[in-house]
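Asker: Below is one structure. I have some questions about it.
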Amino acid sequence: MQSTVRRIRHIVPAALAALALTTALTATAAPAQAQASTAPQTRTSQAATTTATAGQPGDIVSAQQTRFMPNPLVLTDTRAWTIRYRSTTATGAPTTVSGTVLVPRDGRTGQRPLVTYAVGTVGLADSCAPSRGFPTGTTAEGSLIWQALLRGWAVAVTDYEGLGTPGVHTYTVGRAEGQAMLDAARAAERLPGTGLDAATPVGIMGYSQGGQAAGWAAEIHDTYAPDLNVRGTATGGVPADLLKVADFNNGGVGAGLILAAAVGHDAAYPELDLAKYLNGRGRTLVDIVKTQCVAIDAIAGLFQRIDQVTTSNPLYEPDWQSALRADALGTRGPDAPVYLYHGVIDELIPYGVGQKLRSDWCAKGVDVQWQSMPLGHITGAIAGSPFAMEWLADRFAGHPTAGNC
């Protein structure tokens, strides 16, 4: 496997250049005056709080002060904690998830909103977890998250199940992701020193994998976490139908993400037994997917077809199809308004998948504001984020919605 990774690293620079461009675009989106007003913050390992592991979803297991940098060049005056908190797996078992709670040190008194934020795909290795990159400014969506902090909002960012904690990340398993998002908000409200409480207005936000997580959090809020005061959900580039997404990416630029999703579902549902379907090439790629972050994962799987890495296609099997259909969004209606956006030329998540989610939610009476953009997947994430946050700001302010079902 090591020799394979070394070969892949020879072609990584082009991918990293694209990622660097994305980072530069998101960094320059921040107001220049905000950069001038930020103050350096010293990292500390002081434990903020610890409670018993046995408890309810959202209970804090441990918390440690850290720092938040939106990119490697900018320090911010933000109170930050890396946390471990209680959550629930897709099969209903208790688990512990890691994440980050951020509160701007802006002198604000009284109630401030909280956004529970889910990042897009970062990879399956623990080193890829958002909480690992925040102290050095290397978390890809740090500059987007900073925009929420500049508005005076607190932010809770889940690492997702198995990403930063023991076990394999249950990548694209919707219920596990949505529960982790809602429990991150609960944990932020229960963390001493944040100024948050059960009455705090909550917004849900995410794009791509994070959009799937946000959609799930919105759909299960009323049954899983009705104690949260959710005002709305802003979600974009949503892989609402994983079987359609897998078919779209088979042999294409997103082929590596299909294999990552298979690994994530195998972690959530071991009875699926992914290993029995893999050939030698597939086993090598799975080893890479489990131990690397998204840039190498994507390049390793570039243009691979499912039949090139398997002895038989698990997606044709009833148990796999059942597991992937269980991740589908649109079968339940969120109980708060939704802002849903998607790029018309999205090269990873078909535009039609986003349109179908819109129609499914509208048919269930959900207050949906739909926004299509003449952009691709990454450009849609960058360009769509400010509009999504402005929509959330209106929900926090109690302004009327402008649904366009």
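The values are calculated or read from the model by the stated rules, or taken from the named source; none is laboratory data. All figures in this text were calculated on a predicted structure; none of them were measured in a lab. Positions of Cβ are generated from backbone atoms using ideal geometry, with glycine treated the same way; all protein chains shown enter the neighbour counts. In case anyone asks, the SASA skips ligands and DNA or RNA and just uses the protein heavy atoms, side chains included. Shrake-Rupley method; radii C 1.70, N 1.55, O 1.52, S 1.80 Å.
Asker: Quick one: in the stretch 185-201, which of the residues that are in contact with a Phe, Trp or Tyr (Cβ under 8 Å, 6 or more places away or on another chain) and more than 19 Å from THR78 (Cα to Cα) is surrounded by the most Cβ atoms within 10 Å (Cβ to Cβ)?
Answerer: Looking at the filtered set, the residue picked out is ARG186.
For every residue, the table says whether it meets (1) aliphatic (A, V, I, L, M); (2) under 25 Å from GLN64 (Cβ atoms).
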residue: THR194; (1), (2): no, yes
residue: THR200; (1), (2): no, yes
residue: GLN212; (1), (2): no, no
residue: GLU219; (1), (2): no, no
residue: TYR224; (1), (2): no, no
residue: ARG231; (1), (2): no, no
residue: ALA234; (1), (2): yes, no
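Asker: Quick one: count up the residues across the stretch 369-404 that are assigned to a loop (DSSP other than H, G, I, E, B) and over 17 Å from TYR351 (Cβ atoms).
Answerer: Residues that pass the stated criteria total 6.
Asker: Something else now. I'd like to check which helices (runs of 4 or more DSSP H) are fully inside the stretch 253-325 and have at least 1 residues that are at pLDDT below 95 and either open to solvent by less than 40 Å² (accessible area, probe 1.4 Å) or not β-branched (Val, Ile, Thr) (or both).
Answerer: Once the helices (runs of 4 or more DSSP H) in the stretch 253-325 are filtered for at least 1 residues that are at pLDDT below 95 and either open to solvent by less than 40 Å² (accessible area, probe 1.4 Å) or not β-branched (Val, Ile, Thr) (or both), what remains is 255-268, 280-291, 294-300, 306-309.
Asker: Here is a further query. Could we say that ALA156 is buried (at least 23 other Cβ atoms within 10 Å of the Cβ), in contact with a strand residue (DSSP E or B) (Cβ under 7 Å, 6 or more places away or on another chain), modelled with pLDDT of 95 or more and under 23 Å from ALA199 (Cα atoms) here?
Answerer: Criteria met by ALA156.
Asker: Enumerate the pairs (first residue in the stretch 178-200 and farther than 17 Å from PRO226 by Cα and β-branched (Val, Ile, Thr); second residue anywhere and at pLDDT 95 or above and assigned to a helix (DSSP H, G or I)) with beta-carbon separation below 7 Å, excluding pairs fewer than 6 apart on the same chain, so at least 6 apart or on different chains.
Answerer: THR194/ALA188
Asker: Select from the stretch 194-248 the residues that are over 18 Å from LEU182 (Cβ atoms) and in a loop (DSSP other than H, G, I, E, B) and list them in ascending order.
Answerer: Residues satisfying the conditions are GLY195, SER208, GLY237, PRO239, ALA240, ASP241.
Asker: If you go through the stretch 70-95 one residue at a time, how many are in a loop (DSSP other than H, G, I, E, B), in contact with a helix residue (DSSP H, G or I) (Cβ under 6 Å, 6 or more places away or on another chain) and over 19 Å from LEU182 (Cβ atoms)?
Answerer: Here the count works out to 1.
Asker: Turning to a different aspect of this structure: Would you call GLN65 open to solvent by less than 90 Å² (accessible area, probe 1.4 Å), more than 21 Å from the chain's Cα centre (by Cα) and modelled with pLDDT of 95 or more?
Answerer: Against the criterion (open to solvent by less than 90 Å² (accessible area, probe 1.4 Å), more than 21 Å from the chain's Cα centre (by Cα) and modelled with pLDDT of 95 or more), GLN65 qualifies.
Asker: Write out, first by first residue and then by second, each pair whose Cβ atoms fall under 6 Å of each other, whose residues are 6+ apart or on separate chains, and whose first residue, in the stretch 218-245, is among the acidic types (Asp, Glu) while the second is open to solvent by 10 Å² or more (accessible area, probe 1.4 Å) and modelled with pLDDT under 95.
Answerer: Note: no pairs meet the criteria.
Asker: Tell me, yes or no, whether the stretch 82-96 has at least one residue that is modelled with pLDDT of 90 or more, touching a Lys or Arg at 6+ places or on another chain (Cβ under 8 Å) and open to solvent by less than 10 Å² (accessible area, probe 1.4 Å).
Answerer: Yes, the stretch 82-96 contains at least one residue that is modelled with pLDDT of 90 or more, touching a Lys or Arg at 6+ places or on another chain (Cβ under 8 Å) and open to solvent by less than 10 Å² (accessible area, probe 1.4 Å).
Asker: Write out, first by first residue and then by second, each pair whose Cβ atoms fall under 8 Å of each other, whose residues are 6+ apart or on separate chains, and whose first residue, in the stretch 387-405, is touching a residue at least 60 places away in the same chain (Cβ under 8 Å) while the second is among the small types (Gly, Ala, Ser) and part of a helix (DSSP H, G or I).
Answerer: That search, which allows pairs on different chains as well, returns MET389/ALA148.
Asker: Can I ask one more? All but one of (1) open to solvent by less than 10 Å² (accessible area, probe 1.4 Å); (2) more than 20 Å from ARG190 (Cα to Cα); (3) hydroxyl-bearing (Ser, Thr, Tyr); (4) modelled with pLDDT of 95 or more hold for THR76, so report the exception by its number.
Answerer: Failing condition for THR76: (4).
Asker: Give me the residue from the stretch 335-348 that is out of contact with any Lys or Arg (no Cβ under 9 Å at 6 or more places or on another chain) and part of a loop (DSSP other than H, G, I, E, B) and, out of that set, most open to solvent (accessible area, probe 1.4 Å).
Answerer: Within the stretch 335-348, the match that is most open to solvent (accessible area, probe 1.4 Å) is ILE345.
Asker: May I ask you to verify whether GLY178 is closer than 23 Å to LEU348 by Cα, assigned to a helix (DSSP H, G or I) and in contact with a Phe, Trp or Tyr (Cβ under 6 Å, 6 or more places away or on another chain)?
Answerer: yes
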